[in-house]
Every structure is written in structure tokens, then in C-alpha cells.
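Everything on this sheet refers to the single structure shown next.
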Amino acid sequence: NISTQRHLEPQTYMSSEEPLHHRFFLSFKKILNQDTLTNVALVGVGNMGHALLNYNFKRTNNIRISAAFDINPEITGTIMSGVPVYDMSEMKKQLREQQITIAILCVPQTAAQKTANEMFDAGIKGIMNFTPLRLSAPSSVRVQNVDLATELQTLIYFLDSDKDKNKK
């Protein structure tokens, strides 16, 4: 198992017979590295993790959750939404073997930093962090924090601003 595979488009797609918008789309996709399938790990299969497992990343982004990890013995060793769920004790080994370098972190706040440290040791280079904890990470690792409450507050702020503009 490898974490990324190059998908080569047939030459006919780039021929002058293809519509210009289609050739532009394919070129843009290549620039954004979306002509590559990226395998991602999901760490923590609670409520948020389960919702992300059910989200169809491949529909538009060529992203696939290829391994999930949790401590719950009722779900470890099973396949959920087409994804194998491993015990957390297997995380470092599986991340290395599957050459996964990107992970989504959905564990409880109390376990977030310890889990992230294990992920760093396994070679993870990017984390989408759904925990409220701001992780300490090596400079070689990029962490993208996702705070749904802040995103919702931002939306409310802009909606209120739009309302105020419309009153004038």
C-alpha cells in the first residue's frame, strides 16, 4: 500500500479536440496536485470521526481515508464505510507500512498531544486537528486546526453584518 498514486490522464484528454474548458480543468487539477490520490488516516472514530468516515472525499478531491484508528474494542478490527479500523496500538506500525503522511485527528482533548506525538514519530507530516487543543508540533509538520464553533461564530458575524448593511 502506498500513500499516493499518480493517475495519468489519457493523452486524448489534452488533445486540441477536447473543449477548452475541459483542458483548462485538467491543467488546473494538475497544478493543485488533484491528479493524485492521497491516502489519509483518521485517528479517533467517535462522533466526529464517524461522520468524516461517511463523508465522500473522493467525490471531488481524490482524497481517501484508507485507515482509521480507535481504542474502542467494539469497532477495532472491523471495516466501517469501507475503511479498516485498527486498534491505536497498531497506529505507528500501520502509518509507516501504508506510508500515510496525512491524518485527521478526532480524539478527546486529553489524548490529543500524546496521540499527535505518536503520529509525528510515525512520519505524519500534516494533521487536520478537530480537537480543541492547539498541538505542539515539530517545524516539519503542518497542523490545520478546525474549530467548528469559531467557524459558526464567523458565519453569524457576517450574517449580522449583512443585516446591518441592508437596514441602511
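Taking the criterion of being of a type in the set (Lys, Arg) and either more than 17 Å from residue 122 (Cβ to Cβ) or over 18 Å from the mean Cα position of the chain (by Cα) (or both), the only residue of segment 68-93 that qualifies is 93.
Within segment 89-96, can one find any residue that is open to solvent by 50 Å² or more (accessible area, probe 1.4 Å) and closer than 19 Å to residue 46 by Cα? Yes, that holds for at least one residue. If you scan segment 107-157, which residues turn out to be assigned to a helix (DSSP H, G or I), open to solvent by 50 Å² or more (accessible area, probe 1.4 Å) and within 21 Å of residue 47 (Cα to Cα)? Within segment 107-157, 109, 110, 114, 148, 149, 150, 151, 152 qualify. For segment 97-106, filtering for residues that are open to solvent by less than 20 Å² (accessible area, probe 1.4 Å) and outside any loop (DSSP other than H, G, I, E, B) leaves 3. Looking only at segment 69-88, residues that are among the charged types (D, E, K, R), surrounded by fewer than 16 Cβ atoms within 10 Å (Cβ to Cβ) and closer than 19 Å to residue 39 by Cα come to 1 in all.
The values are calculated or read from the model by the stated rules, or taken from the named source; none is laboratory data. Small disclaimer: the values here were computed from a predicted structure and weren't measured. Note that each Cβ is placed from the backbone with ideal geometry, even for glycine, and that neighbours are counted across all protein chains shown. For accessibility, only protein heavy atoms count, side chains too; no ligands or nucleic acids. Shrake-Rupley method; radii C 1.70, N 1.55, O 1.52, S 1.80 Å.
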